[in-house]
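J.: Following this message is one structure expressed as structure tokens.
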């Protein structure tokens, strides 16, 4: 059953691993961004939150609806000086439902995934040529067939992203992406909720892989190749989100340098 274990680990690393690693790095960037504004950090957070917070909380709410959770209260955006929280979604699930408890993982991590894919949709609408170039390279990346060749495809897709910087629409896309990414960070409650559903997700992976292996090794391998292809696309747009967060950090360092002059 070593082939089952191998496929299981690949699926876990490329999906769960990608979401948490990119989510952690984007969170670090965002904390550095606001810290560089010093006493203006809270004001900047509120201003960027006018766009980013409703999208963040909307992603949580959408995942709640998909997985059948009951939404008790939702705040898409509100300036509350008492708790400092700009938004939240309070929800609950049926503890006897595997599907709803599995949903805790996707609800907790929804902002990281949904915001990245939403940016991809906007890029398709604003710059379809750029999106087509990126999409062709990312789809060609086959991590199950050749890791370094797949990385080459990802690199070319990433280069295509910045090759359209001479278009006004690209700068609009950059600004929208930064506003989104500045509020992609997962709170402690988000991470706790996601971890609560992680065991159910891993159980689903394991059960699926074992069942496919019993039906035939090639079926398991075909499923894993398709899975890694989809995960590769997701991770590519998570990488783009990280790049946008890094751009925001560079801007904040410039502000800090000018303020100290």
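The values are calculated or read from the model by the stated rules, or taken from the named source; none is laboratory data. None of the values given here were measured: they were computed from a predicted structure. Here Cβ is always computed from backbone atoms with ideal geometry, including for glycine, and neighbour counts include all displayed protein chains.
J.: Hey, among 121, 62, which residue is assigned to a helix (DSSP H, G or I), exposed (fewer than 14 other Cβ atoms within 10 Å of the Cβ) and within 19 Å of the chain's Cα centre (by Cα)?
T.: Unique residue meeting the criteria: 121.
J.: Follow-up question, since we're still on this one. Condition first: touching a residue at least 12 places away in the same chain (Cβ under 8 Å) and more than 15 Å from the chain's Cα centre (by Cα). Now tell me which residues in segment 95-118 satisfy that.
T.: 97, 98, 99, 100, 101, 102, 103, 104
J.: Related question: How many residues does segment 144-196 hold that are more than 17 Å from the chain's Cα centre (by Cα), crowded, with 18+ Cβ neighbours inside 10 Å and under 24 Å from residue 6 (Cβ atoms)?
T.: Of the residues in that region, 3 qualify.
J.: Can you pull out the residues in segment 190-224 that are in a helix (DSSP H, G or I) and free of Cβ contacts under 8 Å to residues at least 12 places away in the same chain?
T.: Of everything in segment 190-224, those that are in a helix (DSSP H, G or I) and free of Cβ contacts under 8 Å to residues at least 12 places away in the same chain turn out to be 199, 203, 207, 211, 212, 214, 215, 218, 219, 222.
J.: Pick out the one residue from 76, 2 that is modelled with pLDDT under 90, surrounded by 12 or more Cβ atoms within 10 Å (Cβ to Cβ) and either touching a strand residue (DSSP E or B) at 6+ places or on another chain (Cβ under 7 Å) or more than 30 Å from residue 254 (Cβ to Cβ) (or both).
T.: 76
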